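Step one of this worksheet: look at the structure below.
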Amino acid sequence: NVVSIAIEGNSCWAIKRDGSVARWGDDPDDANIVASLSDITAITWADYRSYLALRNDGTVLGFRFDGYGLTNVSASESAVRPVRVRGQVLSNVVALASRGYDPLVLKDDGKAFRLGYQTPGAPPAEPIVTKIDEQTLGIDMGGESWRTPYDYTSADPVMVGGQILSNVTAIADGGGHALALKRDGIVVAWGTNYYG
């Protein structure tokens with residue numbers, strides 16, 4: 001009864017016809033997060049052991065397998081909860097794509113948005129790397145990254161060539177670049193363009 005599969009972060013996912021999910025991979029499911037996911041149509045990675053799940057009602061759920069980000073919340077708050085942008089629940093989403101802390105969402109009006117974790121008006125976030133031991137580095141992406149994948153500070157429309165990208169039907173996000181498929185069949189690319 002599997003309708004789609006994805007390999008995201010350290011996990012492999014199977015989304016079933018009934019909206020439930022199965023997962024295998026390196027992320028231990030300590031909080032039984034997978035069992036609490038329902039009505040799911042897509043899952044994407046949101047950086048270190050963090051994920052976003054799209055529900056068929058257009059809302060997005062955030063969750064983490066390491067519990068990081070839950071230290072400042074009440075014990076009654078779930079490890080799986082609605083994603084918020086500036087305090088408002090993210091809704092009307094039809095697709096997700098991510099390469100890390102700043103995922104893309106496609107809204108039902110055909111516009112793509114990049115979620116951000118940088119506090120508006122604050123200096124640009126810079127990663128802070130800390131050596132934990134001989135084999136482990138800790139990376140803090142700065143800004144409000146500690147609040148992801150639950151809370152984002154912005155949802156900026158994707159701009160390509162000075163214009164808001166619209167009439168999009170599908171999105172993909174990769175290592176330094178992103179792609180959008182438009183209704184007319186044209187593929188639009190933006191990002192670092194390292195390899196032309």
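Report note on the peptides 18-28, 171-181: ranked by the mean count of other C-beta atoms within 10 Å, highest first, their order is 171-181, 18-28.
Taking 0.36 nm per residue of separation and subtracting the current Cα-Cα distance, fully stretching the chain between A155 and D133 would add 4.3 nm.
Once the chain from W190 to V89 is taken as fully extended at 0.36 nm per residue, the excess over their C-alpha distance is 33.6 nm.
Taking 25 Å as the straight-line reach from the Cα of K111, the lysines in range (excluding those fewer than 8 positions away in the same chain) are K182. Excluding ligands, DNA and RNA, the accessible surface per residue across segment 1-70 is 47 Å² with a 1.4 Å probe.
The values are calculated or read from the model by the stated rules, or taken from the named source; none is laboratory data. Everything numeric in this text was worked out from a predicted model, so none of it was measured. Every residue, glycine among them, receives a Cβ derived from its backbone with ideal geometry; neighbour counts consider all protein chains shown. Heavy atoms of the whole protein, side chains included, go into the accessibility calculation; ligands, DNA and RNA do not. Shrake-Rupley method; radii C 1.70, N 1.55, O 1.52, S 1.80 Å.
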